[in-house]
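K.L.:
Quick one: this structure, given as structure tokens, is what I'll be asking you about.
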Amino acid sequence: MIRISEVNRLPAVGVFITIIAFLLISCGTESNDIDETDGFRDGILNEIWELLDEGMISSLENDLGMPIHRGANPPDFSAFFDEEMRGDGVTFEMAPHLLHRSTVESDQGNNEPGTPWAPRAFRFSNQNLQNYTINFATRASQTDDNTVAANGSYIIGFDNHFTMFAFLENVRGEGVVKSLRMFSGILTDQGVSEPYTSTFMIDNSGIRGVIPNGTGRSFVDGDDFAEIIPWPEGNSMSIENQVYTDLENEIYK
């Protein structure tokens, strides 16, 4: 038998459950609407989804261990590095620059995690918060290495966490090599904490000596921090939309 006090409580409990369910449904709908309105899906810009499929994103995150800081509110680099961003941009160096993971078959048993690679400099400039773009360039910081550069790379994230996607094309006699360079980290006044970078092959056009499609390498900083440095001396940097220099040895077997 149900006591009178229990009967009195039943409607209140029902109303409470109904309210909670409504709020949960409303929050989910609002979140989806915002993603759709802002041009994002699963926290990643639609323009990025047009160039990468779910399998590639999964491989980057799970196989290469590459953090993707999702979100429509990446940090404003000018708020951290106003003087540098009003000039040529801010440059960070990953040194020691260590292999984190690789899905390239020829690396297995040869180029193991923790293997040192040449220290690298990464420069960011001309950020556009409205269309989620930023100019990006990288080169070995201690050798006369060619520069990899791309205008209008995509940047997403939240608070001071960010992930940059640079889609690169390298025209060769045998075809066009299409690859991705990523940089993820947490922006601080002194540099980038927890920096990760990766190189991923989208389409190698069947060119021999280039890593297979859908494979790549990810890298970390041995000190877990990328410090600010001047852009290294050496080959001059030339940035043009959809025109890139040699993609250096990270895309080769």
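The values are calculated or read from the model by the stated rules, or taken from the named source; none is laboratory data. Predicted, not measured: the structure shown is a model, and the values here were computed from it. Cβ: placed from backbone, ideal geometry, glycine included. Neighbour counts: every protein chain shown.
K.L.:
Pick from segment 176-199 the residues that are more than 16 Å from the chain's Cα centre (by Cα) and hydrophobic (A, V, I, L, M, F, W, C): which of them is surrounded by the fewest Cβ atoms within 10 Å (Cβ to Cβ)?
P.N.:
Val176
K.L.:
Out of the residues in segment 203-216 that are in a strand (DSSP E or B) and in contact with a Phe, Trp or Tyr (Cβ under 8 Å, 6 or more places away or on another chain), which is modelled with the lowest pLDDT?
P.N.:
Val210
K.L.:
List, please: which pairs have Cβ atoms under 7 Å, are six or more places apart or on different chains, and start with a residue in segment 54-66 that is at positive phi and end with one that is outside any helix (DSSP H, G or I)?
P.N.:
As it stands, the answer is Gly65/His100; Gly65/Arg101; Gly65/Ser218, since those pairs meet every condition given.
K.L.:
Would you mind telling me which numbered condition in (1) of a type in the set (Ser, Thr, Tyr); (2) modelled with pLDDT of 90 or more; (3) more than 25 Å from Arg86 (Cβ to Cβ) Thr143 fails?
P.N.:
Checking Thr143 against (1) of a type in the set (Ser, Thr, Tyr); (2) modelled with pLDDT of 90 or more; (3) more than 25 Å from Arg86 (Cβ to Cβ), the one that fails is (2).
K.L.:
Go through (1) among the β-branched types (Val, Ile, Thr); (2) surrounded by 22 or more Cβ atoms within 10 Å (Cβ to Cβ); (3) over 18 Å from Phe81 (Cα atoms) and name the single condition Ile202 misses.
P.N.:
(2)
K.L.:
Which of (1) touching a helix residue (DSSP H, G or I) at 6+ places or on another chain (Cβ under 6 Å); (2) polar (S, T, N, Q); (3) over 26 Å from Glu112 (Cα atoms) is the odd one out, the single condition Asn160 does not satisfy?
P.N.:
Every condition holds for Asn160 apart from (1).
K.L.:
May I pose another question? Working only within segment 151-175, note down all residues that are touching a residue at least 40 places away in the same chain (Cβ under 8 Å), over 14 Å from the mean Cα position of the chain (by Cα) and surrounded by 14 or more Cβ atoms within 10 Å (Cβ to Cβ).
P.N.:
Matches in segment 151-175: Asn151, Glu169, Asn170.
K.L.:
Please report, ordered by residue number, the strands (runs of 3 or more DSSP E) entirely within segment 89-162 with at least 3 residues that are touching a Leu at 6+ places or on another chain (Cβ under 7 Å) and within 22 Å of Asp76 (Cβ to Cβ). Step through it out loud before you land on a result.
P.N.:
Numbers: elements: 90-94, 97-102, 120-128, 133-140, 148-158.
Passing ranges, in order: 148-158.
K.L.:
Can I ask one more? Would you call Asp107 in contact (Cβ under 8 Å) with a residue 12 or more places away in the chain, among the acidic types (Asp, Glu) and either farther than 17 Å from Ser198 by Cβ or touching a helix residue (DSSP H, G or I) at 6+ places or on another chain (Cβ under 9 Å) (or both)?
P.N.:
No: the conditions fail for Asp107.
K.L.:
Out of Ser58, Ser26, which single residue is at pLDDT below 50 and surrounded by fewer than 16 Cβ atoms within 10 Å (Cβ to Cβ)? I'd like the intermediate steps shown before the answer.
P.N.:
On the way: Ser58 fails: at pLDDT below 50.
The conditions single out Ser26.
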